[in-house]
Amino acid sequence: MRLLGNIMWLLFGGLATGIGWWLAGLLAAITIIGIPFAIAAFRIGTFSFWPFGREVVDRPQRDEARKLLILLGNIVWIVLGGIWLALAHLFFALLLAITIIGIPFAIQHLKLAHLSLTPYGKMIVVR
């Protein structure tokens, strides 16, 4: 069932948004400072291609300094590219929510829109 869901997902916006994530990763990788952002974008882009059977969870945090770095990274990410990726996911979510068949895919796009705004401090795990 996961395979079928992932194949349908590619047709219902997964391919376009996955390519968008990878493009953001390539743009971020141009500079040395952007490499951590590129790594996150490639990881989430791969998740955006095949989301069914995996989920995003909060990464456990041990100290306050790391929480501050995650907050700063998320703020920089939102300003540089996260807002555009979130808008793309919102567009596909609204488009797919029109039909009953598209509602599960719309929900997945909404989850990815949230992840587009705050990718740091999260990790992707297999269910």
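The values are calculated or read from the model by the stated rules, or taken from the named source; none is laboratory data. Not measured: the values here are computed from a predicted model. Glycine also receives a Cβ, built like all others from the backbone with ideal geometry; neighbour counts cover every protein chain displayed.
Things to note:
- Any hit, segment 75-89, residues being in contact with a strand residue (DSSP E or B) (Cβ under 7 Å, 6 or more places away or on another chain) and either in a helix (DSSP H, G or I) or under 25 Å from ALA29 (Cα atoms) (or both): no
- Some residue of segment 52-74 being farther than 22 Å from ARG127 by Cα, within 17 Å of the chain's Cα centre (by Cα), outside any loop (DSSP other than H, G, I, E, B) and among the polar types (S, T, N, Q): yes
- Within segment 33-46, one or more residues are of a type in the set (Val, Ile, Thr) and not in a helix (DSSP H, G or I).
- Answer from GLY53, GLY73 - the residue that is of a type in the set (Gly, Ala, Ser) and surrounded by fewer than 17 Cβ atoms within 10 Å (Cβ to Cβ): GLY53
- Residues of segment 80-127 that turn out to be of a type in the set (Lys, Arg) and farther than 16 Å from GLY13 by Cα, as a count: 2
- Cross-chain or 6+ apart pairs with Cβ under 7 Å, segment 90-106 first and at pLDDT 90 or above, then part of a loop (DSSP other than H, G, I, E, B) and surrounded by fewer than 20 Cβ atoms within 10 Å (Cβ to Cβ): LEU96/GLY102; ILE103/ALA97; ALA106/ALA97
- Residues of segment 21-39 classified as in contact (Cβ under 8 Å) with a residue 24 or more places away in the chain and crowded, with 20+ Cβ neighbours inside 10 Å, total: 4
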